[in-house]
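Here's the structure, in structure tokens; my notes come after.
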Amino acid sequence: ERHLAPGLTQPEFSQLLLFAARARAKEVETARDGLRDFLKAREGETPGDWIAVLGGFLLEEIDEPDLLTRVEDDSITFDEVTEEEKRHMAHFYAGLRSLIAGDETRAAHSFRQVEPDGETTRVETRLAQAELEQLETQGSE
């Protein structure tokens with residue numbers, strides 16, 4: 001079953017999006033603490049799944065090249081997330097992490113890698129488009 005915004009139907013993805021919202025609101029430490037607590041609470045349930053990988057990336061436990069390598073690892077799964085969806089999410093969260101670090105150029109590059117699919121169903125895809133539009137608007141001012 002596909003929903004308009006699959007990322008909002010699973011609590012695990014909602015936690016990642018909550019991190020994104022808090023981080024964009026300049027509450028980075030609160031965002032990290034909340035994500036760290038969430039990941040710790042689910043340890044042992046599904047170690048090494050895609051949520052754990054994304055969480056580890058956002059907590060700066062793994063770097064971007066490692067994250068992008070893990071996209072192609074078929075043993076790292078979650079629910080029915082496809083490799084293409086994993087790639088889009090990886091680039092969105094890489095862009096977010098670059099924004100948190102203050103690197104808008106790198107963030108824009110990452111957001112451009114999140115190509116909309118035909119239905120533009122992933123929340124991360126829409127957020128990447130919105131972030132890119134905002135960066136481009138700021139750049140033209």
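Show me 123-132, 49-58 ranked by packing, highest mean number of other Cβ atoms within 10 Å first.
Values: 123-132: 20.2, 49-58: 21.8.
Ranking the peptides 123-132, 49-58 by packing returns 49-58, 123-132.
When N is the residue count of the stretch 16-84, what does its C-alpha Rg come to as a fraction of 2.2 N^0.38 Å? Intermediate values should be presented prior to the final figure.
Numbers: Rg = 12.3 Å, N = 69, 2.2 N^0.38 = 11.0 Å.
Rounded to two decimals, the normalised Rg is 1.12.
Which of rounded, prolate, oblate describes the stretch 11-141, given a ≥ b ≥ c as roots of the alpha-carbon gyration tensor eigenvalues and a/c under 1.5 marking rounded, otherwise prolate only if a/b is larger than b/c? Can you show the working numbers first?
Details: a/c = 1.81, a/b = 1.30, b/c = 1.40.
Oblate, because a/c is 1.5 or more while a/b does not exceed b/c.
Where in the chain are the DSSP H helices whose alpha-carbon span along the long axis reaches 15 Å or more and whose Kyte-Doolittle mean is at least 0.0? Don't skip to the end; give the middle numbers.
Numbers: long enough: 11-24 (19 Å, 0.29); 28-41 (20 Å, -0.45); 83-100 (25 Å, -0.66); 123-139 (24 Å, -0.68).
Once both thresholds are applied, what remains is 11-24.
Could I have the simple spin-label model distance between residue 134 and residue 59, label points 7 Å from Cα toward Cβ, reported in nm to one decimal?
In this crude label model, residue 134 to residue 59 measures out at 2.5 nm.
Mind listing P(r) for the stretch 52-123? All alpha-carbon pairs, 10 Å bins, whole percents.
20, 53, 25, 1
Over the chain, what is the relative contact order in percent, taking alpha-carbon pairs closer than 8 angstrom and at least six residues apart?
Numbers: 130 pairs, mean separation 31.1, N = 141.
RCO, the chain: 22 percent.
Let me make sure I get this right: for the stretch 45-88, a, b and c are the square roots of the gyration tensor eigenvalues over alpha carbons, sorted descending. Under 1.5 in a/c it's rounded, otherwise prolate if a/b > b/c, else oblate. Which is it?
Here the stretch 45-88 falls in the oblate category.
Computed from the coordinates by the stated procedures, all read-outs in this text should not be read as laboratory data. Quick caveat, the model's predicted, so the values are computed rather than measured. Methodologically, a virtual Cβ is constructed for each residue, glycine included, from the backbone with ideal geometry; neighbour enumeration extends over all protein chains shown.
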